[in-house]
Amino acid sequence: MTAGAVDAAARDALKRSGLAQYFTHSTGHGLGLEIHEMPRIGRGEEAVLQEGMVVTVEPGVYLDGVGGIRIEDDVVVTKTGAVDLTTAPRDFLEL
């Protein structure tokens, strides 16, 4: 799968929820010795994800004058897909 295809999947999910217009950045990036590494997980990116790569998947939604949210998952690419390394709870927490 290409990095652009991952980005497109995130955008499609937000589109189905009516939120696509509020997603204004790329979906993620590679992780390694540096916090931000290639590949960039963004629109039109043609890099093919390889087994063993660790990347972030962090789509966000931002509403002017209201606020926003970005949830970051770190995943490792496998032969059959990806394994989520993030163990944070997914329950809604109201502050």
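The values are calculated or read from the model by the stated rules, or taken from the named source; none is laboratory data. As the structure is a computational prediction, the values presented were derived from the model and not from experiment. We place every Cβ from the backbone using ideal geometry, glycine too, and count neighbours over all the protein chains shown. Accessible surface areas use protein heavy atoms only, side chains included; no ligands, DNA or RNA. Shrake-Rupley method; radii C 1.70, N 1.55, O 1.52, S 1.80 Å.
Here are the numbers:
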{"read-out": "Cut-off under 5 Å, modelled amide H: who pairs with residue 29 long-range", "value": "41, 56"}
{"read-out": "Accessible area per residue, Å², the chain with all protein chains present, probe 1.4 Å", "value": "70"}
{"read-out": "For the chain: span of alpha carbons on each principal axis (Å, largest first)", "value": "39, 29, 25"}
{"read-out": "Karplus 3J(HN,Hα) series, Hz, for the range 15-31 with 6.51 cos²θ - 1.76 cosθ + 1.60 (x for Gly, Pro)", "value": "5, 4, 9, x, 10, 4, 5, 9, 9, 10, 9, 6, 7, x, 6, x, 10"}
{"read-out": "Full-extension gain in nm, residue 86 to residue 51, via 0.36 nm per residue minus C-alpha separation", "value": "10.8 nm"}
{"read-out": "Formal net charge of residues neighbouring residue 34 (Cβ-Cβ distance under 15 Å; K, R +1; D, E -1)", "value": "-1"}
{"read-out": "Theoretical gain in end-to-end length, residue 76 to residue 33 [0.36 nm per residue, Cα-Cα removed]", "value": "14.0 nm"}
{"read-out": "Integer Hz, Karplus 6.51/-1.76/1.60 couplings in order for the range 34-51, x for Gly and Pro", "value": "9, 5, 10, 10, 6, x, 7, 9, x, 3, x, 5, 9, 4, 8, 5, 10, 3"}
{"read-out": "Fraction of accessible area attributable to carbon and sulfur, the chain (%, probe 1.4 Å)", "value": "57"}
{"read-out": "Expected 222 nm ellipticity per residue - DSSP helices of 4 or more, -39500 (n - 2.57), all of the chain, to 500", "value": "-5000 deg cm²/dmol"}
{"read-out": "Net charge of neighbours whose Cβ lies under 15 Å from the Cβ of residue 21, counting Lys and Arg as +1 and Asp and Glu as -1", "value": "+2"}
{"read-out": "For residue 47, distant residues with modelled amide H under 5 Å away", "value": "3, 4"}
{"read-out": "Hydrodynamic radius by Kirkwood, which averages 1/r over all alpha carbon pairs of the range 1-47, in angstrom", "value": "11.0"}
